[in-house]
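In what follows, a structure is listed as structure tokens, so that the remarks can point back to it.
The values are calculated or read from the model by the stated rules, or taken from the named source; none is laboratory data. In this text, all values refer to a predicted model and were calculated from it rather than measured experimentally. Please note that ligands, DNA and RNA were not included when accessible areas were found on the heavy atoms of the full protein model with its side chains. Shrake-Rupley method; radii C 1.70, N 1.55, O 1.52, S 1.80 Å.
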Amino acid sequence: IFIVLATSLVSSKVDPTQVSVSGLSSGAFFATQYQVAFSSSICGAAIFAGGPYYCAQDLLLDAFLMCMNGIEPIPLSALEADAAQFASSGAIDPLAHLTNHRVYLYSGAYDTTVNPSVVKTLQQMYIDWNVSSIVTEYSIGSAHTYPTLDYGNECILSATPYISKCSYDGAAKALEQIYGPLNPAGTAKDSNVIQIDQQKFTPGGVSPSSLSLGDTAYVYVPTACSNKSTVCKLHVSFHGCLQSYSAVNSAFILHAGYNTWAESNNIIIAYPQTISSYLSPSNPQGCWDWWGYLDTNFATQKGSQMQTVKNLVDYLVQSY
């Protein structure tokens, strides 16, 4: 059902001031990571079950005990100091750029994978950074899953494909907070999803699998964005662990809920992809790197996955 474009994309226009990110779980941690590191080129973020920037501090044990289970307190002031040091060294953009971002935060009331207290700590981090607009949703009775109106598992289930029918349109709420009032949802066309070779964007053109990335990224291009007469926005959506194309096929790409709103609001949606890997690197659940399984630069602009996504974003902005 997907169109393969071997060389370039259909020409259109992307407004470089209207690029945003979102994610679930590891994708949420990575979305915050990307938002903070490249804050000068991002206008907002939607975080579903994610925690503070640099939460794991390159330690897998901290990732579990502090940043997921919430068993140990998150040292917020230390994380903010780390971010300030990264910014002063030029490893990430100046934190002042975050002030004008628009942020949406979601945590299911029954999430036992990423404790709601972790998301609320991220909220405090945004407040400390003077983020101007923050919308939160902590009352929906969902497990660790992506909430939709009517697709997926029961809302209290956290099971593959980690999308649940919660009578709540998470994608709509996210995009509305980032971009303002939306036109009514359109009818998404599966044929508007194109494939892009992720190796074009890896640092030095290394094999994506060496970075626990899939060979292919998927991009939903709204019908109106297929010509240069329309200026479009760009939103990058990061799947969670066990939720990549290799794990759940097209479930997240087609059913997370973004494409219907994208179609009627001229928002291109990019879905970069990870894969599971067991040795070099060790990432058996196909998570995004938010604890340092690839390198110690994982949370900065020099992180291998961070560079890959930034190169993809730049390509989409410049090629459209």
Cα shape, segment 167-298, gyration tensor, a/c 1.5 rule: prolate
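Could you calculate, for segment 227-320, the ratio of the Cα radius of gyration to the Kirkwood radius, expressed as Rg to Rh?
Result for segment 227-320 is an Rg/Rh of 1.02.
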Amide H contacts of I275 (H built 1.01 Å from N, under 5 Å, at least 5 apart or other chain): L213, G214
Residue with peak Gaussian network fluctuation, the chain [Cα springs, cutoff 10 Å], from V14, V206, V131: V206
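At 222 nm, what helix-only mean residue ellipticity would the chain give, in deg cm²/dmol to the nearest 500, using -39500 (n - 2.57) for each DSSP H run of four or more? If you can, show how the numbers build up before the last one.
Details: 9 runs with 88 residues, N = 320.
Calculated at 222 nm, the ellipticity per residue is -8000 deg cm²/dmol.
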Cα gyration tensor shape of segment 149-245, rounded if a/c is under 1.5, else prolate or oblate by comparing a/b with b/c: oblate
Residue-by-residue Karplus 3J(HN,Hα) for segment 53-65, coefficients 6.51, -1.76, 1.60, Hz, glycine and proline x: 4, 6, 4, 6, 6, 6, 10, 5, 4, 5, 4, 6, 6
Karplus 3J(HN,Hα) series, Hz, for segment 171-186 with 6.51 cos²θ - 1.76 cosθ + 1.60 (x for Gly, Pro): 4, 5, 4, 5, 5, 5, 5, 6, 10, x, x, 9, 5, x, 4, x
For the chain, built as a Gaussian network whose Cα springs stay under 10 Å, the top-fluctuating residue of V118, V231, V21: V231
Placed amide H near I134: partners under 5 Å, 5+ positions off or other chain: V103
Computed accessible area, K228, all protein chains, 1.4 angstrom probe, square angstrom: 130 Å²
Cα gyration tensor category, rounded, prolate or oblate, for segment 58-109 with a/c compared to 1.5: oblate
Radius of gyration and Dmax over the Cα atoms of segment 35-128, both given in Å: 13.1, 40
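Quick one: compute a quarter of the convex hull surface over the Cα atoms of the chain and quote it in nm². Display every interim value, and only then the final one.
On the way: hull surface 56.7 nm².
Result: 14.2 nm².
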